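> I am attaching a structure below and will ask some questions about it afterwards.
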Amino acid sequence: MNMDPHTILKYPVNTEKAVRLMELENKLIFIVDLKSSKKEIKDSFEKLFKLKVKKVNTMLTPQGKKKAYISLSKETPAVDVMTQLGLV
């Protein structure tokens, strides 16, 4: 399935936990499309931000949303992405 990256990655999560993960583990949390696979999330993120993604973990929230924990490679500080999005 070839979806638009903007359809797959809905919006970043900007909570205290998300900021802590970003600073300590270089991870970003995004709410993503329920039907998207880890590979689609990874490809969309790499396409949109022109960055290398190390790993993607997903989780369904009690609210019925899908969260993606996106681990970035060491050369790419997650803070830079959040700054680029205007969230830091």
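The values are calculated or read from the model by the stated rules, or taken from the named source; none is laboratory data. No experiment lies behind these values; they were computed from the predicted model shown. Cβ atoms come from the backbone with ideal geometry, glycine included; neighbour counts cover every protein chain shown.
> Could we say that Glu25 is modelled with pLDDT of 95 or more, of a type outside the set (Val, Ile, Thr) and surrounded by fewer than 15 Cβ atoms within 10 Å (Cβ to Cβ) here?
yes
> OK, next. Within the stretch 57-75, which residues are farther than 10 Å from Leu28 by Cβ and β-branched (Val, Ile, Thr)?
Passing the criteria: Thr58, Thr61.
> Which of the residues belonging to the stretch 30-39 are part of a loop (DSSP other than H, G, I, E, B) and surrounded by 14 or more Cβ atoms within 10 Å (Cβ to Cβ)?
Matches in the stretch 30-39: Asp33, Ser36, Ser37.
> Here's something else I'd like to know. Where residues in the stretch 40-84 are hydroxyl-bearing (Ser, Thr, Tyr) and either part of a loop (DSSP other than H, G, I, E, B) or in contact (Cβ under 8 Å) with a residue 60 or more places away in the chain (or both), which of them is surrounded by the most Cβ atoms within 10 Å (Cβ to Cβ)?
Taking the candidates together, the pick is Thr76.
> Just checking, how many residues over the stretch 8-22 are assigned to a loop (DSSP other than H, G, I, E, B) and either in contact (Cβ under 8 Å) with a residue 40 or more places away in the chain or surrounded by 12 or more Cβ atoms within 10 Å (Cβ to Cβ) (or both)?
2
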